[in-house]
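A short worksheet on the structure shown next.
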Amino acid sequence: MALENTFLEVTVILLLAALVGAIGSRLRQPLIVSFIAVGILVGPSGLHLVASHGQIELLAEIGIAILLFIVGLKLDLHLIRTMGSVALATGLGQVVFTSFFGFLIALGLGMSVVSAAYTAVALTFSSTVIIVKLLSDKREIDSLHGRIAVGFLIVQDIMVILAMIALSAMGGAGDQHHSFLWEILKAGAKGFVFLGGLLILMRSVIPRMLDLLARPPELLVLFSIAWAVALGAAGNAMGFSMEVGAFLAGVSLASTHYREAIGSRLVTLRDFLLLFFFINLGSRLDLSMLGGQLAEAAVFSAFVLIGNPLIVMIIMGIMGYRRRTGFLAGLAVAQISEFSLILASLGLNLGHIDKDTVGLITLVGIITIGLSTYMIIYSGYLYQTFSHWLSLFERKDPYRETSGQDLHSVEPVDVILFGLGRYGTNIAHRLLERGKSVIAVDFDPEILAWWRQRGLRVLYGDATDPEILEHLPLHRARWVVVAIPNLEANVTLVKDLRQDRLGARIVATAFSPEEAETLTRVGADIVLRPFVDAAEQAVDSLTEAMRALPDKMIWPSALKEVRLRPGSVFSGKTIDQIPLRSEHGVSILAVSRAGKSYFDPGPGFTLFPGDRLVLLGERENVERATNFIKTKDAVGTDNQMDEFAIGAVEVFVDSPWIDKTIGGLNFRNEFGASIISIRRGDAQITAPSPQEVIKAGDVLIVAGSKKAVDDLVRPAAGRVVETASPASR
C-alpha cells in the first residue's frame, strides 16, 4: 500500500523504525537487526509502503559515504603501510578459500557450474558497512583487530569491484573492445590516475584549504560531507565503488590537524543516515523468492559463519598474531555483504543465473547478517567460551603482539594503568610528573607508539582479555587504575583482578551513579567520577577569591593566582613558613579552598594541597614568587604513601596503658598514630571513642607513619603482632 507522497512515506518509516527499535532495545536486540526488520516490514514482503526507492537509496548512499569517510579519517598512511601486509594476506586468503570451497559445496548440492560460481563468489564478500558500524558502536574500530578487519574488508571491496568488472565483460563478450583484459587494464589506469591526483591534493591543496575553511566550524563540516560524497561519486564514476572513494576521502584528511573535530561532528549524522541503508537493504529483500531452499541456505550459512572466521584465524596465526586478535578479526567475515545481493542481481540481469539462485543468496544474507551481528556484539563471551580450543590458531611465540611485552622483570611499579584515552592520558602525564613508576595498557597501536617514544612502558592489550594479565607484574604493583569509558570492560577487568587476588588496590572509572555502584559491588576499592570531579573543580574556580577582587588595580601592584599541587612541599605548612615576603616581597592576599575563600589569612594559616593562593606585590616579584612555588612543587615528591603503615599492638598485663582511656593517653599526639580498632577477645571495636578504656589482652589496630608504628614496639607497651605498609606488599 503506497502512500501519497515521499514526505509522508519517510515519516511513517521513521516512526516505525523508532517503535521497532525501541521494542528491539527492550528485548536486548541490536539496532541493526531491528532496522533490517523494519525494511522487510515496509518492503514488498510486508506492508509494501516503500515506493520512493530512489530517495531512500540516496540517503542510504550518503550515509555509507560518511561512514567510510569517518573510517578513513581515523587512518593515516603510516598505519596503512603497517596494516597492509596482514590486510592483504587475510583479505586475499579468505577470498580464495571461500570461493574454492564454496564452489565445491555448491556443486555437491547439485547446482550448475555457473550458479555454483556465482554463489561461491557471493559468499566471499562481507559487509564493510555493517562491520564498521558494529565495531564503532563497541569502540573497537581503533583496536588492532578492528584496524585489521577494516583493512581486509577494503581489500574485499576492491575484489568485488574486479569481480563485477569481469562479469560485465563476460556479459558483453561479443564486443572485442570490451574484453576482460581491456576492462582490467582500463580499471588499473583509472585507479592510478585517481590515487595520483589524490596524493597531489593531499600534499599541496587540502592542508591550505582546510586552514581557510576551519575558521567557521560549520563550513568545515559542510566541506567534509561534500568531500566524502564527491570522492564517493568520483570513485563510482571511474568504475570503483562509492565506498572506496569515500574511504579514500577520509584517508586524505587523516594526516591533518582537523580530523578529530571533523569526526566528532559527523558521528550523529552518520548514525541517522545509516538508518536508511538498513531499511533500504531490508525493503529490497523479496522473501517470496526464497522458495524451499532452507536446507541449502543452512549449509552455506554454516560455511560462512564458521569457515570464513577459521581461515582468517589460520592466516593471522601463521603471521604471528595472537588467537584473540585472529578470532575477533575473523568474526568480521562471518556474513555476506550487500554487494553479494548486488552481484546476484547483476547475474540475473545478465541471464547467468535464475531467481532461485538469487533467492538462495538472499536467504543466506538474511541468516548470516542476523547471526553474525550477535556474534560480534557478544564476541568477548564467545572468545572466553572457545579460547581453550583456539590455542590451535596461535604460534608458540605470537611475536607481532608479544615481542618485548612481558613486563614481569620490571621493578615494583606504582601504577598499572588500563586505557590511554583522554582521561587515561592525563592520568599518565600527572603520575609521571610526580615521579611515579607507570605501566600502561591500551589496544590502540598509534597511542602506544607515541607513548613508547616518550619512555613510558606500555603493553598492547584489551582490558576484556584475561590473558593480558599474565604479562603484567600485578603482584608488585600498588595501584591498578582502569581509565576506560566502558562499563562492561571495567566490570570484566575488576572481576578478573579480584579473582587474581592481587595486593594492589583497584581504581575504576564510572560516568554515572549506577556505574559507580556496579563497580563498587564487583570489587573496586575506589571509583573515579571524571565528570563529577571536573564539575567540582569548575565550581571551585567560579567561587575562588580572584573572582571577588577587582579586575584593575588602582595602585601599582599585581595580583596572580597559583595553585598548590598535590604533593607540594608547602602542603601542611603555615604561611609564615613560606619565604614569600622575606625573599620575594610578596604577600598572600587570599586563599581559595573547596569553594570557600579566606581573605587576609594570618601567618599561622595552614595550607593544603589544591589551595589557590592569591599573591599580591610588584609584578616582577609576583612572577618570581609564582615560579618559586611552581618549581618547588615540581621537584617535591609525595612519599607519604611509602611511610604509611597499619599495625597490631598487643597490650600485656604489665603495660602502663591498662585502665586508661585513649583520650587520657593523648594517643595521637604522643605516639603519632591513631587507634582505628580494638580486638578484645572475640569482639571487635571499630573506631573506638576517646573514652574507650584499654584493657589487658587488647590488640590495638593502629594506623600512622611506618616510623610511628615502629616506635610503638616497646617491651613496656606490648609487641607488634603484624605490620603492613604499601611498600611491603
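The table below gives the values:
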| item | result |
| --- | --- |
| The listed residue being among the hydroxyl-bearing types (Ser, Thr, Tyr), outside any loop (DSSP other than H, G, I, E, B) and in contact with a helix residue (DSSP H, G or I) (Cβ under 9 Å, 6 or more places away or on another chain), out of SER252, SER264 | SER252 |
| From SER677, SER655, SER582, residue being farther than 23 Å from GLN537 by Cβ, at pLDDT 80 or above and in a helix (DSSP H, G or I) | SER582 |
| Only one of SER224, SER241 that is at pLDDT 85 or above and not hydrophobic (A, V, I, L, M, F, W, C) | SER224 |
| Subset of segment 485-506 that is modelled with pLDDT of 85 or more and outside any helix (DSSP H, G or I) - its residue that is nearest to TYR378 (Cα to Cα) | ILE506 |
| Lone qualifier among LEU73, LEU77 - being under 23 Å from the mean Cα position of the chain (by Cα) and modelled with pLDDT under 80 | LEU77 |
| Matching helices (runs of 4 or more DSSP H) fully within segment 289-346 where at least 2 residues are under 20 Å from SER391 (Cα atoms) and not small (Gly, Ala, Ser) | 308-318, 323-330 |
| Residue, nearest to TRP657 (Cα to Cα), within segment 688-709, restricted to residues that are touching a residue at least 40 places away in the same chain (Cβ under 8 Å) and either outside the structural domain of SER674 (by TED's automatic domain parsing) or not hydrophobic (A, V, I, L, M, F, W, C) (or both) | LYS695 |
| Candidates SER283, SER264 - the one that is within 22 Å of ILE32 (Cα to Cα), free of Cβ contacts under 8 Å to residues at least 12 places away in the same chain and not acidic (Asp, Glu) | SER264 |
| Cross-chain or 6+ apart pairs with Cβ under 7 Å, segment 592-603 first and loosely packed, with under 15 Cβ neighbours inside 10 Å, then of a type in the set (S, T, N, Q) | GLY595/THR543; PRO603/THR574 |
| Segment 185-208, residues that are aliphatic (A, V, I, L, M), modelled with pLDDT under 80 and surrounded by 14 or more Cβ atoms within 10 Å (Cβ to Cβ) | ALA187 |
| Among the candidates LEU341, LEU331, residue that is of a type in the set (A, V, I, L, M, F, W, C), more than 15 Å from ALA117 (Cα to Cα) and touching a Ser or Thr at 6+ places or on another chain (Cβ under 7 Å) | LEU331 |
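The values are calculated or read from the model by the stated rules, or taken from the named source; none is laboratory data. Note that the structure is a prediction, hence the values are computed from the model and not measured. Here Cβ is always computed from backbone atoms with ideal geometry, including for glycine, and neighbour counts include all displayed protein chains.
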